[in-house]
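Report on the structure given below.
The values are calculated or read from the model by the stated rules, or taken from the named source; none is laboratory data. These numbers were taken from a predicted model, which means no experiment stands behind them. Cβ placement follows ideal geometry from the backbone for every residue including glycine, while neighbour counts extend to all protein chains displayed.
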Amino acid sequence: MIEVKNILHSLAVDHYNRIIRSAIKRTTRDRKHYVDDRLTNKIISDNKKINRFLRTLKDDILINDANTGENIITAKPENLHKYVTKYNQGFGESFLTSKSTKDILEHILYYESYEHWNADLFAAKLNIDTCLYCNRQYIQSFNKSGKRKRTLEFDHFYCRNQFPYLALSFYNLIPSCHTCNSTFKGKKVFTINSNLHPYREGFSNEVKFSILPKKIGFINGISSDYELKFIFKNEKSAFSKRAKKNIQIFHLRNLYKEHKDVIDEIIMKSQIYNKAYISALYGSYAGTLFSSPADAVRLVTSNYTDIDNLHKRPLAKLTRDISKELKLI
Ligand SMILES: [Zn+2]
């Protein structure tokens, strides 16, 4: 679990404007008319509850919250749950997840139907290179014969099945790989209170990979004997409880055991290099091969190891933790 805390809120505002702009361009009318069209005029219902629901949703899209300055599309991760509470209390779970309500919401909030929704552009602007849930797969958007293709998927942190009114919310769209999004998470219910949200919190220094106690036998050609574990800074904390849920759902404990070759290489490097060696290496090529000490560390570890760049390459968090544990860096 990699956290990306420096996401620019301007991207959320841009996302909002792109969605809302579709019809404004067509009709030259204002935002309010557009939302009116989508939420009321095009959907004729004599059901009072549905009408109340649509009015509420319209207000939550158009009117920014007085305290946060956000709306349901731009609400930050910690504020998404406010809408969950509001809609559950106001309308009840059975209404919100009923087929008729979902059909209406699919029409309104199905993002592919928005002319200016551009998932590829959205992905490119986010500039996130690996799945934030597993940090095992690259997620990318690329050009093929003039068309954009993606290996990236957007997971709905609050799933569309249970929380359809958050389907377009910027901070509810998590860049992830197909395995984490579809195979492992699917329709499982995640909330900010029960799981780690990558735009808010990740394993960071609270949850680390560890191989201690270890036996290193490479020098004699004997393979190393260790068990890869997660260690928690505070095992009993609410954070650790959330982290454990993510570890379980994305099968991280078992999957990472399959990366023994990478760990073996870090062990070997720890026998060859140390901080002083890397520092001397940097000194020899500073200003030529290396623009900063981090470049020398990256060359030796074959990965990004500073906390802000872990999303740039698969297994970066594993590399950081084991390299630090073995005092390679
Ligand atoms: Zn993944």
Study note, to complete from the structure: Inside region 156-166, the number of residues satisfying the requirement of being more than 13 Å from Thr97 (Cβ to Cβ) and surrounded by fewer than 24 Cβ atoms within 10 Å (Cβ to Cβ) is 1
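State whether one or more residues within region 223-233 are assigned to a loop (DSSP other than H, G, I, E, B), at pLDDT 95 or above and within 16 Å of the ligand (Cβ to nearest atom). Write out each step before concluding.
Narrowing region 223-233 to residues assigned to a loop (DSSP other than H, G, I, E, B): 223-224, 226-228, 233.
From what's left, at pLDDT 95 or above: 233.
Those left that are additionally within 16 Å of the ligand (Cβ to nearest atom): none.
So far as region 223-233 goes, no, none of its residues is assigned to a loop (DSSP other than H, G, I, E, B), at pLDDT 95 or above and within 16 Å of the ligand (Cβ to nearest atom).
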Practice item. Would you tally the residues in region 160-181 being assigned to a loop (DSSP other than H, G, I, E, B) and within 16 Å of the ligand (Cβ to nearest atom)? Key: 1
Practice item. Search region 123-138 for residues that are without any contact (Cβ under 8 Å) to a residue 60 or more places away in the chain and pair each with any residue that is of a type outside the set (A, V, I, L, M) and more than 8 Å from the ligand (Cβ to nearest atom) when their beta-carbon atoms are under 7 Å apart and the residues are at least 6 apart or on different chains. Key: Ala123/Ser141; Ala123/Arg150; Ala123/Pro175; Ala124/Ser141
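With respect to Lys149, determine if the residue is without any contact (Cβ under 8 Å) to a residue 24 or more places away in the chain, touching a strand residue (DSSP E or B) at 6+ places or on another chain (Cβ under 8 Å), basic (Lys, Arg) and more than 16 Å from the ligand (Cβ to nearest atom). If you could, list the steps in order and put the result at the bottom.
Working: without any contact (Cβ under 8 Å) to a residue 24 or more places away in the chain: yes; touching a strand residue (DSSP E or B) at 6+ places or on another chain (Cβ under 8 Å): yes; basic (Lys, Arg): yes; more than 16 Å from the ligand (Cβ to nearest atom): yes.
So Lys149 fits the description; yes.
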**Study point:** Single residue of Leu121, Leu132, Leu126, Leu168 found to be in the same structural domain as Gly92 (by TED's automatic domain parsing), under 26 Å from Tyr16 (Cβ atoms) and out of contact with any helix residue (DSSP H, G or I) (no Cβ under 8 Å at 6 or more places or on another chain)
**Key:** Leu121
Practice item. Take region 291-329 and flag every residue that is more than 28 Å from Leu126 (Cβ to Cβ) and of a type outside the set (Val, Ile, Thr). Key: Ala296, Glu325, Leu326, Lys327, Leu328
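Report, by residue number, each residue of region 123-141 that is part of a helix (DSSP H, G or I) and over 12 Å from the mean Cα position of the chain (by Cα). Spell out the reasoning first.
Let us first name the residues in region 123-141 that are part of a helix (DSSP H, G or I), namely 123-126.
Ala124, Lys125 - these are the residues of region 123-141 that are part of a helix (DSSP H, G or I) and over 12 Å from the mean Cα position of the chain (by Cα).
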Check your understanding: If you take the residues of region 117-128 that are modelled with pLDDT of 80 or more and buried (at least 18 other Cβ atoms within 10 Å of the Cβ), which of them is nearest to the ligand (Cβ to nearest atom)?
Key -> Ile128
Check your understanding: Just one of the numbered conditions (1) free of Cβ contacts under 8 Å to residues at least 24 places away in the same chain; (2) hydrophobic (A, V, I, L, M, F, W, C); (3) closer than 30 Å to Ile192 by Cβ is not true of Ala316; which one?
Key -> (1)
Review point. Quick one: how many residues across region 130-155 are in contact with a Lys or Arg (Cβ under 7 Å, 6 or more places away or on another chain) and surrounded by 20 or more Cβ atoms within 10 Å (Cβ to Cβ)?
Key: 3
